[in-house]
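Asks: Pasting in a structure now, in structure tokens, and then I'll have a few things to ask.
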Amino acid sequence: MKESKKNAKNDIIIKNLKGFIRMGADVAVKGFIPTGHFNLDFAICFGRSPESVDLSVLEGYDASKPSGLPLGKVVEIFGEEGGGKSSLAMRICGAAQKMKLKCAWVDTENSFQPNLAKINGCDPSALYYSDMSNPENQEIVFYAEHIFDAIVQMCKDGVKVIVVDSVANMVPKVRMEADAEKQTMGVIPRIISENMGKVVNHASKYGVLVIFINQLREKIGVMYGNPETTPGGRSLKHNASVRLRVAKAGGGDDSNIYVNDDNGNKVLVGRKANVKIVKNRMAKPFLEPVEVIIYYEAVALNIEDILFNEGRKLKVITVRKGVFSWGNLKVEGQKELIEKIKLEKLQEKLYNDIKIAAEAEKSLLPPEIKAWVLNKDKKIEDIDVDDLVEEDDSDTDGTEEDPDGDIEEIEDTEEDTE
């Protein structure tokens, strides 16, 4: 009797608020875009390191479905200068492009580097790009207020990944028109606070990943505790589902990675960085920073580690009670297996197994694996970054990731890109 009254009451609520409310709160993420760093993607989605996890029995893990940053959510990537924030965002755009998704980049810093984008697997020619100016009429000026309206419009128009680089360099109309000595305090936080709800709503409604890149500032007069903060106020922090802090691993020259060219000269090819998941609504907190490599050249450093991570992701390499298995090979310990792959030159064999598994699962491979395949026998000066963004049927397979998680075929259509 009580149950029937309860159902009747629910029916009245749904009837009176039709379209606004529904029965059940079964809210699911509309898909994920990988960063290309498996350990980071896994930590975001599962709140733990994959090193000693048996993925074959892990609830919710499916190698055929990408893990990483969630569609339909707002993400903030912040950190010190030169840490690798933009490079990480470029990798995300590159992965989305391989999934046949449209990406846009709002460059308030005017710092976008096409070559760096190609190194990270992103095709600049297929990127919707704005540098806050109109090349047809330089008198037209765009302000911070325009960015939020543009984000909403791009969500409606089918763009699935939007990157704003950066929040700190947004210039509001009042600041653009004011004299240099005029103080305009708190304008950007107010604009963000007023518009962030609109961005979150449209991102969720249309399944769009919106990434805000941010810088670091220091609070004035802080004697104790951490003086660091980010521009834009608290609204962005509250509305972001994931916040990633990117920092150089080590001080000075310790984080830089060099290789020797044919003349014995040291060439800077990358830098180690630590990515800390400061906030994560997708899984439980993961407190340990994840080490990644930020690439400056189209090379693959520590290819054995990269292949190992991809092998784990695709279940080519399995682990049980600390023993890692790959085919007939069984080795106790991750470092020992990686060392064995390196010493016995098993990289090609492992790559072939990974490629077969990736094609079967329609899984994306990170750009450094493609760089290794294309450039392993080349000198650094002979590497062509354009090769990294050429169409690769083995990566895309002519499919598009549906927001509901299904894969659907897409037709080849001519689009007006003017």
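The values are calculated or read from the model by the stated rules, or taken from the named source; none is laboratory data. From a predicted model like this one, the values you see are computed outputs, not experimental measurements. Virtual Cβ from ideal backbone geometry, glycine too; neighbours counted across all protein chains shown.
Asks: Do you know which residues across the range 120-137 are surrounded by fewer than 17 Cβ atoms within 10 Å (Cβ to Cβ) and either over 13 Å from V161 (Cβ atoms) or in contact with a strand residue (DSSP E or B) (Cβ under 7 Å, 6 or more places away or on another chain) (or both)? Give the steps one after another, and end with the answer.
Replies: To start, the set of residues in the range 120-137 that are surrounded by fewer than 17 Cβ atoms within 10 Å (Cβ to Cβ) comprises 125-126, 128-129, 131, 133-137.
The answer is S125, Y128, Y129, D131, S133, N134, P135, E136, N137.
Asks: Conditions: (1) in contact with a Gly (Cβ under 8 Å, 6 or more places away or on another chain); (2) in a helix (DSSP H, G or I). G121 meets all but one. Number of the miss?
Replies: (2)
Asks: Now, a different point. Only one of V316, V269 is among the aliphatic types (A, V, I, L, M), farther than 20 Å from A240 by Cβ, modelled with pLDDT of 95 or more and surrounded by 15 or more Cβ atoms within 10 Å (Cβ to Cβ). Can you tell me which?
Replies: V316
Asks: Also, I was wondering about something else. Could you grab me the full set of residues in the range 96-111 that are crowded, with 18+ Cβ neighbours inside 10 Å and in a loop (DSSP other than H, G, I, E, B)?
Replies: M99, L101, T108 - these are the residues of the range 96-111 that are crowded, with 18+ Cβ neighbours inside 10 Å and in a loop (DSSP other than H, G, I, E, B).
Asks: Filter the range 50-95 down to the residues that are aliphatic (A, V, I, L, M) and either assigned to a strand (DSSP E or B) or under 15 Å from V167 (Cβ atoms) (or both) and list them by number.
Replies: Within the range 50-95, the subset aliphatic (A, V, I, L, M) is 53, 55, 57-58, 63, 69, 71, 74-75, 77, 88-90, 92, 95.
Passing the criteria: L69, V74, V75, I77, A89.
Asks: Looking at the range 154-177 only, could you name the residues that are of a type in the set (D, E, K, R), surrounded by fewer than 15 Cβ atoms within 10 Å (Cβ to Cβ) and either touching a residue at least 24 places away in the same chain (Cβ under 8 Å) or in a helix (DSSP H, G or I) (or both)? I'd like the intermediate steps shown before the answer.
Replies: Going residue by residue through the range 154-177, those that are of a type in the set (D, E, K, R) are 156-157, 160, 165, 173, 175, 177.
Pick out the ones that are also surrounded by fewer than 15 Cβ atoms within 10 Å (Cβ to Cβ) and you get 156-157, 177.
Answer for the range 154-177, where residues must be of a type in the set (D, E, K, R), surrounded by fewer than 15 Cβ atoms within 10 Å (Cβ to Cβ) and either touching a residue at least 24 places away in the same chain (Cβ under 8 Å) or in a helix (DSSP H, G or I) (or both): just K156.
Asks: Within the range 205-229, track down each residue that is polar (S, T, N, Q), modelled with pLDDT under 95 and within 17 Å of N169 (Cα to Cα). Explain how you work it out, then say what you get.
Replies: Taking the range 205-229 and keeping what is polar (S, T, N, Q), we get 214-215, 226, 229.
Keeping just the survivors that are modelled with pLDDT under 95 gives 226, 229.
Listed by number, the list holds a single entry, T229.
Asks: Moving to a separate point now. Consider only pairs whose beta carbons are under 8 Å apart and that are at least six residues apart or on different chains; among these, list those whose first residue lies in the range 89-102 and is in contact (Cβ under 8 Å) with a residue 12 or more places away in the chain and under 12 Å from G121 (Cβ atoms) and whose second residue is of a type in the set (A, V, I, L, M, F, W, C) and part of a helix (DSSP H, G or I).
Replies: M90/L116; M90/A117; C93/A117; G94/A117; G94/V389; Q97/A126
Asks: Would you check which residues across the range 356-378 are among the charged types (D, E, K, R) and surrounded by 17 or more Cβ atoms within 10 Å (Cβ to Cβ) and list them? Don't jump to the end; show me each part of the working.
Replies: Quick first cut of the range 356-378, residues among the charged types (D, E, K, R) only: 359, 361-362, 368, 370, 376-378.
K362, E368, K370, listed by residue number.
Asks: Oh, and also: E368 fails exactly one of the following numbered conditions: (1) in a loop (DSSP other than H, G, I, E, B); (2) under 27 Å from S87 (Cα atoms). What is the number of that condition?
Replies: Exception for E368: condition (1).
Asks: Quick check: is even one residue across the range 207-230 among the hydroxyl-bearing types (S, T, Y) and touching a helix residue (DSSP H, G or I) at 6+ places or on another chain (Cβ under 6 Å)? Before you say what the answer is, go through the steps one by one.
Replies: Filtering the range 207-230 for residues among the hydroxyl-bearing types (S, T, Y) gives 224, 229-230.
After this cut, where a residue has to be touching a helix residue (DSSP H, G or I) at 6+ places or on another chain (Cβ under 6 Å) as well, the list is none.
The answer is no; no qualifying residue exists.
Asks: Which one is surrounded by the most Cβ atoms within 10 Å (Cβ to Cβ) among residues in the range 239-254 that are closer than 28 Å to F32 by Cβ and out of contact with any helix residue (DSSP H, G or I) (no Cβ under 8 Å at 6 or more places or on another chain)?
Replies: Step one: of the range 239-254, the residues closer than 28 Å to F32 by Cβ are 239-249.
Those still in the list that are out of contact with any helix residue (DSSP H, G or I) (no Cβ under 8 Å at 6 or more places or on another chain) too: 240-241, 245, 247-249.
Values: A240: 25, S241: 21, R245: 22, A247: 18, K248: 20, A249: 19.
If we take residues in the range 239-254 being closer than 28 Å to F32 by Cβ and out of contact with any helix residue (DSSP H, G or I) (no Cβ under 8 Å at 6 or more places or on another chain), then A240 is surrounded by the most Cβ atoms within 10 Å (Cβ to Cβ).
Asks: While we're here: Are any residues in the range 40-49 part of a helix (DSSP H, G or I) and either within 12 Å of V290 (Cβ to Cβ) or in contact with a helix residue (DSSP H, G or I) (Cβ under 8 Å, 6 or more places away or on another chain) (or both), and if so, which ones?
Replies: Of all residues in the range 40-49, those part of a helix (DSSP H, G or I) come to 40-46.
Within the range 40-49, L40, D41, F42, A43, I44 qualify.
Every residue, every condition in (1) out of contact with any Lys or Arg (no Cβ under 6 Å at 6 or more places or on another chain); (2) in contact (Cβ under 8 Å) with a residue 40 or more places away in the chain; (3) assigned to a strand (DSSP E or B), yes or no:
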position	(1), (2), (3)
G221	yes, no, no
Y224	yes, no, no
L244	yes, yes, yes
G252	yes, no, no
G270	yes, no, yes
K279	no, yes, yes
A283	yes, yes, no
E288	yes, yes, no
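Asks: Given the conditions (1) closer than 24 Å to E288 by Cβ; (2) charged (D, E, K, R); (3) in contact (Cβ under 8 Å) with a residue 24 or more places away in the chain, and given that E228 satisfies all but one, which numbered condition is not satisfied?
Replies: Among (1) closer than 24 Å to E288 by Cβ; (2) charged (D, E, K, R); (3) in contact (Cβ under 8 Å) with a residue 24 or more places away in the chain, the lone unmet condition for E228 is (3).
Asks: Just one of the numbered conditions (1) modelled with pLDDT under 95; (2) farther than 20 Å from P34 by Cβ; (3) crowded, with 18+ Cβ neighbours inside 10 Å is not true of G82; which one?
Replies: (3)
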